[in-house]
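The values are calculated or read from the model by the stated rules, or taken from the named source; none is laboratory data. It should be emphasised that the depicted structure is a prediction, and the values quoted were computed from it without experimental measurement. Every residue, glycine as well, gets a Cβ built from its backbone with ideal geometry; the counts of neighbours run over all protein chains shown.
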Amino acid sequence: MNQHISESHLFQHINHTLNDADQEIVTTHLSKCNTCRIAVEGLTAEHRMIWQSLQGNLGQINPAPQANFAAIAPKLIHKKNRTSLFPFLSVRNVFASGLLLTILILSVFLFVNTLGSQNMMTNNHIGTTFLPVTNGNFEVTDTDDGLTWWTLAGSRPQDYKASRDDGVYFDGKSSAMLASDVEEANEFGTLMQWLTPDESVLGRRVRLSAQIKAEDVADWAGLWMRIDGTSSQTLQFYNMQDQPIRGTMDWQRYEAVLDVPPGSRKIYFGVLLAGNGRVWIDNVQLEIVSNDIALTGFASNQALTNADFEAGDVKIDGWFLIGSHPQDYEIHHEKLIFVSGDASGLLASKNDEAQGFGTLMQTFPAKEYLNQRVRFLASIRTENVEKRAGLWMRVDGHNSRILQFDNMHKRAIRSTTDWTQYEIVLDVPQESESISLGLLLDGQGKAWIDNITLESVGQDVPSTD
């Protein structure tokens, strides 16, 4: 009988969080097991896409073309005092001790499934079916950090720390704390877990809810959930960028509501913290709800939305802020300056020392434009742009592979300009999966955008790729 490494252990191997002895055992196994090698390749791509999603699926929209923001590699914090996953095995006797390894992995598998069966229950009072979030109240304490079945990850997890907190909690005896661990944290960390939906969940609507408390959050924090299909395709995604948590606040309930399409393979969820600060999370629940509960986030059949910026109040519906230093920028629903209608979108630096770039953007499926050449048109107005502003557009294929890209690097907008129409023209190949586009600002200044159109054009219109 073939013996394979569990998915959770492969995940730790990818992110170098096993101790040296266990890492060598898994490496030896992978050298002889093609099945597990294929699983590692899939997990590597899968989790890379998660971190990209949490930052808005930006990938490479960098004002400096030589830099590559698509390479956000997941790396968990290495814990030197982590207890060995294989305490009785060494490299020399790994094959002789295969039975012990098999028993251990089967025990973990049976334990998880037992917990799942216990947690899958129906509340007769409200008719709600709860899904198996493991240790959602953070009361289980059989690991060094007290966060059994939760994983610390992110774009720079080494800048963050996570632990069980027995002194701060919503109810029960404890909560989980996620906090920055350096003086200037510029990326994000997340405390997360995942599950595989069964047939009872496919085709249903689910709600992730949790109590969150924040302290001195400089950039933003939020609850997030992502649903993947085959080949790690993002089917649904939400990360609270439309209602970010900032500053200091007491316990408050937040939720994410997404549909689980047929063919969904994984549900990922957790809490994230971008920049400095601390957040606590407690009472994490995942439940099946009726379709009259409103959705949040990115839907798989969604196209470009709110292209005229008319929808929204303070925030701009359908659009969000991201970038290399989003904490140095802000976006507004501008109701005083516009080309037509009643509003435009404003992207501005917060101060005179804005670092990196910020972008006002959205992402949507490419299926409507496959095998076509498309033109992204928009009107832009600028004020005191020190470095550059401009449109950008990117077409991605499988595993976020960049197929087409333009960010107006060679025709950048600078200084102060009146409303002017600009365009980007790119091809959308058959293998395309998503299109991302928006307005970027690098350094000090302000830029307004309005009257966006995305249209198919003939091959006689030159590409700007």
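With respect to the conditions (1) in a strand (DSSP E or B); (2) acidic (Asp, Glu); (3) closer than 24 Å to Trp149 by Cα, Glu215 falls short on a single one, namely (3). Selection within the stretch 383-404: residues that are surrounded by fewer than 22 Cβ atoms within 10 Å (Cβ to Cβ) and out of contact with any helix residue (DSSP H, G or I) (no Cβ under 9 Å at 6 or more places or on another chain). The member of this set that is nearest to Phe338 (Cα to Cα) is Glu383. Scanning the stretch 397-419 for residues that are in a helix (DSSP H, G or I) and either in contact with a strand residue (DSSP E or B) (Cβ under 9 Å, 6 or more places away or on another chain) or of a type in the set (Ser, Thr, Tyr) (or both) yields a count of 3.
Return yes or no: is Val257 crowded, with 17+ Cβ neighbours inside 10 Å and in contact with a Gly (Cβ under 6 Å, 6 or more places away or on another chain)? No; evaluated as a whole, the condition is false for this residue. Residues that are within 17 Å of Phe138 (Cα to Cα), of a type in the set (Gly, Ala, Ser) and surrounded by fewer than 20 Cβ atoms within 10 Å (Cβ to Cβ) occur in the stretch 194-214; there is at least one.
Residue-wise test of (1) surrounded by 21 or more Cβ atoms within 10 Å (Cβ to Cβ); (2) outside any strand (DSSP E or B).
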position: Val279; (1), (2): yes, no
position: Gln285; (1), (2): no, no
position: Ala294; (1), (2): no, yes
position: Asp308; (1), (2): no, yes
position: Leu336; (1), (2): no, yes
position: Asn351; (1), (2): no, yes
position: Leu360; (1), (2): yes, no
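Considered as a group, the residues in the stretch 149-181 that are under 17 Å from Gln285 (Cβ atoms) and assigned to a loop (DSSP other than H, G, I, E, B) include one that is modelled with the lowest pLDDT, and that residue is Trp149.
Only one of the numbered conditions (1) farther than 21 Å from Val461 by Cα; (2) surrounded by fewer than 16 Cβ atoms within 10 Å (Cβ to Cβ); (3) not β-branched (Val, Ile, Thr) is violated by Gln430, and that is (1).
Let's see how each residue does on (1) among the polar types (S, T, N, Q); (2) closer than 29 Å to Lys335 by Cα; (3) in the same structural domain as Ala354 (by TED's automatic domain parsing):
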| site | (1), (2), (3) |
| --- | --- |
| Glu368 | no, no, yes |
| Leu391 | no, yes, yes |
| Glu423 | no, yes, yes |
| Ile435 | no, yes, yes |
| Leu441 | no, yes, yes |
| Ser463 | yes, no, no |
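In the stretch 356-369 there is at least one residue matching the filter, namely being touching a strand residue (DSSP E or B) at 6+ places or on another chain (Cβ under 7 Å), touching a residue at least 24 places away in the same chain (Cβ under 8 Å) and more than 25 Å from Lys315 (Cβ to Cβ).
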